[in-house]
Amino acid sequence: MPTADPPLSPEKWARLREIHAKVLEAPQEQQSALLELLCGDDTEIRVEMNGLFSAARNAGSFLEENASVAFDHLVSPPTQELSTGTVLDSRFHILRYIDRGGMGAVYEAWDAELQEAVALKTIRPEIASHQSIIERFKQEVRQAHHVTHPNICRVNDLFSHDFSPGHRLWFFTMQLLKGETLGQRLRRSGPLQHAEALEVVRQIISGLSEAHRHGVIHRDFKSANVMLTEDGDRVRALITDFGLACEATTGRLGGKEHPGQGTPAYTAPEQWFEGTATPCSDQYSLGVVMCEMLTGERPDPVAREGESFLPLRLPASKNLDRHWEGAICRCLERRPENRFHSLEDILKSIDPAHRRKLVLRSAAGALAFALVSAIAILISSDVIRLPVMAGRKPASREGIVLSQGPRLSHDGKTLVYVSDQERSGRLDVFLYPLPKGPARRIMIASHPEIEIKERPAISPDGNWIAFETAQHPAGVYLASVHDGAATLIAANGHEPSFSPDGKWMLYSTSGDEFV
């Protein structure tokens with residue numbers, strides 16, 4: 001099974017993941033031949049493929065075939081199909097056969113109790129014979145009941161039916177969706193336009209965020225697990241197959257299990273190599289899907305050389321807008337702490353309407369701060385030195401992804417704000433001397449990769465900035481504007497601000513108390 005230190009070279013490891021993904025996505029009747037073709041005469045790859053597919057045999061998913069189960073399906077005969085009219089558990093009437101996957105067959109059935117058509121998915125006997133797997137299925141169904149959202153496929157329950165002594169069929173039912181998967185749509189019609197992709201991503205983020213709020217992580221998110229259905233005059237995206245979901249414990253989202261779980265081409269490196277899954281792991285998979293939506297291709301699977309990951313390579317595409325490219329690259333950061341703080345932050349960087357709103361808000365905020373400072377200086381000083389802001393362009397230059405959170409120094413000489421104009425998708429602090437600039441990025445010397453949240457504060461003398469970050473670790477930092485040396489002054493602090501004389505700092509704690 002794959003371990004933290006794979007036995008193959010980085011090149012062969014990347015090839016292994018690519019073969020695995022292609023085999024699972026190919027039509028059933030082509031899988032065996034494709035596996036033979038892709039492995040060729042490479043015995044090493046062939047051996048590793050067998051080990052990969054059989055590694056997590058007893059850790060299967062109730063909604064999406066595990067790698068080991070998918071491979072078993074390639075080499076073992078299918079179980080007997082249920083005929084139309086078969087009644088299971090005195091309740092479910094089989095209407096038609098839909099498809100077959102590694103876990104079992106999928107049918108449309110009539111639920112006599114709910115009085116509605118449902119999707120019924122059987123579990124192959126050799127899998128269901130393990131009591132530990134059945135118990136896990138039950139746990140995952142209980143988890144799924146907590147997540148109700150218009151962009152998540154509803155899971156009903158797990159059932160069993162005894163045909164005869166010793167012949168028990170386990171199955172579960174879920175919401176019947178009519179449409180096509182996002183993966184099928186891309187193969188049929190090619191990449192999406194940006195506006196169409198934005199609407200799908202917005203719905204996906206809404207569904208995944210709701211699942212994360214309930215402590216459920218998808219762990220195998222991909223384009224094949226997004227159903228596109230007709231909803232009036234619009235398309236609705238629904239996330240399916242939370243089959244590798246894990247539950248948060250002791251207030252912590254995520255869990256650690258065996259490495260090598262999930263679909264290789266979509267799986268985050270920390271989940272694939274170490275078995276650690278968090279909401280950031282789903283974000284990584286979303287980044288792969290976003291790339292696939294706009295380019296028709298996925299980025300190269302993650303490969304590792306020793307303890308270092310090989311550089312990321314996105315498919316070359318003229319259709320990839322630079323705002324989207326910046327967001328995708330950040331989602332695909334090898335280290336989870338370098339990805340977006342939340343899924344909602346992705347929309348801030350790719351949604352043109354949101355960016356326009358932020359620019360207008362920043363301009364209005366800058367003018368408001370200037371007016372307030374002018375009044376204060378007029379009262380406290382005989383000389384008014386505040387520069388005129390009316391008619392000036394925003395401090396941020398044309399084409400940046402995001403600029404926000406402006407604050408004016410007490411003497412009215414410096415504007416401080418955050419922007420990602422130097423690093424697309426990642427916020428830094430900038431100082432803008434009034435009235436003519438130019439803007440200067442403040443490098444945080446002790447933490448060069450740190451990201452600063454909106455609305456930093458600047459001291460009255462202009463020598464210090466205070467900012468909040470959610471990493472390295474989280475809290476309020478004080479940094480020199482001259483050399484960028486930063487010190488953590490309030491762990492888990494928020495919204496720093498200086499007193500007018502610069503002798504005190506005000507900030508809130510996680511309990512919303514001010515210090």
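Residue check: is Arg188 open to solvent by 40 Å² or more (accessible area, probe 1.4 Å), within 26 Å of Leu343 (Cβ to Cβ), modelled with pLDDT of 90 or more and basic (Lys, Arg)? Here the answer is no, as Arg188 does not meet what is asked. For the subset of the range 94-106 comprising residues that are surrounded by 14 or more Cβ atoms within 10 Å (Cβ to Cβ) and at pLDDT 90 or above, which member is nearest to the chain's Cα centre (by Cα)? Out of the qualifying residues, it is Tyr97. If you go through the range 469-479 and keep only what is modelled with pLDDT of 85 or more and open to solvent by 10 Å² or more (accessible area, probe 1.4 Å), you end up with just Leu478. The single condition among (1) surrounded by 17 or more Cβ atoms within 10 Å (Cβ to Cβ); (2) touching a helix residue (DSSP H, G or I) at 6+ places or on another chain (Cβ under 8 Å) that Ala109 does not satisfy is (2). Residues in the range 410-420 that are in contact with a strand residue (DSSP E or B) (Cβ under 6 Å, 6 or more places away or on another chain) and open to solvent by 20 Å² or more (accessible area, probe 1.4 Å): Thr414 only.
Checking each residue in the range 503-513 for being farther than 19 Å from Gly405 by Cβ and either outside any loop (DSSP other than H, G, I, E, B) or modelled with pLDDT of 80 or more (or both) picks out Lys503, Trp504. Just one of the listed residues (Pro496, Pro500) is farther than 19 Å from Arg441 by Cα, not β-branched (Val, Ile, Thr) and not in a strand (DSSP E or B), and it is Pro500.
Filtering the range 270-293 to residues that are open to solvent by 10 Å² or more (accessible area, probe 1.4 Å) and free of Cβ contacts under 8 Å to residues at least 40 places away in the same chain leaves only Thr276.
Residue count for the range 285-338 satisfying the condition of being modelled with pLDDT of 90 or more and of a type in the set (Ser, Thr, Tyr): 2.
The rows are residues; the columns are (1) exposed (fewer than 14 other Cβ atoms within 10 Å of the Cβ); (2) part of a helix (DSSP H, G or I).
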position: Glu113; (1), (2): yes, no
position: Ala195; (1), (2): yes, yes
position: Leu198; (1), (2): no, yes
position: Ile204; (1), (2): no, yes
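Contact map, the range 188-208: first residue charged (D, E, K, R), second residue assigned to a loop (DSSP other than H, G, I, E, B), Cβ cut-off under 9 Å, separation 6 or more or different chains; pairs are Arg202/Asp351.
Conditions tested, residue by residue: (1) crowded, with 16+ Cβ neighbours inside 10 Å; (2) modelled with pLDDT of 85 or more; (3) under 30 Å from Glu333 (Cα atoms).
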{"position": "Gly399", "(1), (2), (3)": "no, no, yes"}
{"position": "Glu422", "(1), (2), (3)": "no, no, yes"}
{"position": "Gly425", "(1), (2), (3)": "yes, no, yes"}
{"position": "Glu454", "(1), (2), (3)": "yes, no, yes"}
{"position": "Ala457", "(1), (2), (3)": "yes, yes, yes"}
{"position": "Asp461", "(1), (2), (3)": "no, no, no"}
{"position": "Gly484", "(1), (2), (3)": "yes, no, yes"}
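For the range 127-139, a tally of residues being in contact (Cβ under 8 Å) with a residue 60 or more places away in the chain, of a type in the set (Val, Ile, Thr) and open to solvent by less than 10 Å² (accessible area, probe 1.4 Å) returns 1.
The numbered conditions (1) under 28 Å from Leu177 (Cα atoms); (2) in a helix (DSSP H, G or I); (3) at pLDDT below 90 are all true for Gln271 except (1). Of all the listed residues (Arg91, Arg142, Arg124), the sole one being farther than 25 Å from Asn225 by Cα, open to solvent by 10 Å² or more (accessible area, probe 1.4 Å) and modelled with pLDDT of 80 or more is Arg91.
The values are calculated or read from the model by the stated rules, or taken from the named source; none is laboratory data. None of these values were measured; they are calculated from a predicted model. Virtual Cβ from ideal backbone geometry, glycine too; neighbours counted across all protein chains shown. Just so you know, the surface numbers come from the protein's heavy atoms only, side chains and all, with ligands and any DNA or RNA stripped out. Shrake-Rupley method; radii C 1.70, N 1.55, O 1.52, S 1.80 Å.
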